[in-house]
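Please treat every number below as a calculation from the coordinates, not as lab data. Since this is a predicted model, take the numbers as computed values, not measurements. Every residue, glycine among them, receives a Cβ derived from its backbone with ideal geometry; neighbour counts consider all protein chains shown.
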Amino acid sequence: MGGSEPIRWPGGKSFAFSVFDDTDLATVENVAPVYELLESLGLRTTKSVWAVAGVGQPVIGGATCEDPGYRKWTLGLQAAGFEIGSHGAAPTTAPRDIVVQSLDRFRQIYGQDPSALANHSGCLDSIYWGDARLDGASRLAYNLLTRGRRRGEFRGHREGDPLFWGDLCQSRVRYVRNFTYADIDTLASCPAMPYHDPHRPYVRAWFASSEGRDVDAFTACVSEQNQDRLEAAGSACIMYTHFASGFARDGTVDRRFRVLMERLAAKNGWFVPVSTLLDHIVAERGIAVMDAAERRGMEHRWLRSKIRVGYS
Ligand SMILES: [Zn+2]
C-alpha cells in the first residue's frame, strides 16, 4: 500500500497543484477568461468536455464538442498545454453505442483517449456512482441520507445493462475521479491516490479531489493560509470545480480568484494537469491497491463531509 513516502516533485518543485474543471454549463464566453488567466500565470490544468451532445435534453448542459467554435477553443487549450479530460460521453444519459461514438470522436478530435474522467451526475451511464461508490455500512448510510433516491441508479459498471461501458472505461481511460474532500491537501485526504479498488475493477485507478464547486467554495479552499499549508506540507492538491460557476462575469475574472491564483502561481509549485500529476505519482510508487480497511476510512471521511456540507 502506497502513501507513506512523501512524493518528490519534478524540477525541485515543492508541491503540486491542479484543477479538474467539470464542464457543466460551460461556454467559451463564461470560461475562456478563466483559462486566459491560468495560462498567463503558467498554470496548466484539466478541462473536461463532452465530445458529443447525445440524445435528448440535458438536465444540466453546457457546450459540447459538436459546437465548432467551442471545439476549436478547446483544441487551442490543448495546444497551450492544458489537458482535455472527459465528463462522460454526453450531457445526457448515453447507451453504449453513444459511449463508443463519443470515445472515438474524442480520439479523433484530441488525438488520444481521455486519460482523466469525472462522472456527470445527470447521466445514468456514470460508472460506480451514487450508492455504487460505497461499500457495506457506508452504502447503507448513504442510501439513508439520500432517502434511497440514488440506489442502483447509475449503471455504467453493470454488466449486461444497456448502459454498460465498464470494459471501455478499463481499456481507454486511466484515471477516474471519486471522493471530494474539504481540505486543500488532497493527497493527505487520500494518501493512496491514484489507487485501484478491486471492488470496482472497471476503473484502473481512482483519484480524489478537493472541494471547489463554485467560485466561493474554490476561493475558500485555496485561501492564503491553506496555500501556505499545502506548500509547507510538500503535498498535492487537485481542485474539483465548475469554472462556469461564477469565476468570470461579463469577461472579467472574479477578483478574489485572480488574486489567489496570482499568489499561488508565485510559489515554487508544480502546476500541471491532473493526469501529469497522477502519472508522476504512479512513476514514483505505482498504483496502490485499496484494501478494505483503508477504503472504509476514506468512505467515512467523505460521508462526514457530505453530511456537513453536501459535497459531491
Ligand atoms: Zn457535471
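Placing a label point 7 Å from the Cα of ALA265 along the Cα-to-Cβ line, the residues of the range 23-47 whose backbone N sits under 13 Å from it are 33-45. Overall size of the chain from C-alpha positions, given as principal axis extents largest first: 51, 47, 36 Å.
What you get for the range 1-116, charging only the Cβ of Lys and Arg (+1) and of Asp and Glu (-1), is a dipole of about 280 debye around the Cα centre. Evaluated with a Cβ-only charge set (Lys, Arg +1; Asp, Glu -1), the chain carries a dipole of roughly 480 debye about its Cα centre, given to the nearest 20. Here the relative contact order of the range 20-309, from alpha carbon pairs under 8 Å that lie six or more residues apart, stands at 21 percent. Taking every DSSP helix (H) stretch of at least 4 residues in the chain, weighting each as -39,500 (n - 2.57) and dividing the sum by the residue count yields a mean residue ellipticity at 222 nm of -11500 deg cm²/dmol. Charging the Cβ of each Asp and Glu at -1 and of each Lys and Arg at +1, and nothing else, the dipole of the range 18-84 about its Cα centre rounds to 160 debye.
Note on the range 20-309: dipole from Cβ charges, positive end direction compared against VAL253, SER121, GLN78; the farthest Cα belongs to SER121. Residue order for ILE307, ILE281, fewest other beta carbons within 10 angstrom first, comes to ILE307, ILE281. With neighbours defined as other Cβ atoms within 10 Å of a residue's Cβ, the residues LYS47, LYS13, LYS72 order from fewest to most as LYS72, LYS13, LYS47. Multiplying the residue separation of ARG151 and GLN78 by 0.36 nm and removing their Cα-Cα distance gives an extension gain of 22.6 nm. When CYS190, CYS169 are sorted by how many other C-beta atoms sit within 10 angstrom of their C-beta, beginning with the fewest, the order is CYS169, CYS190.
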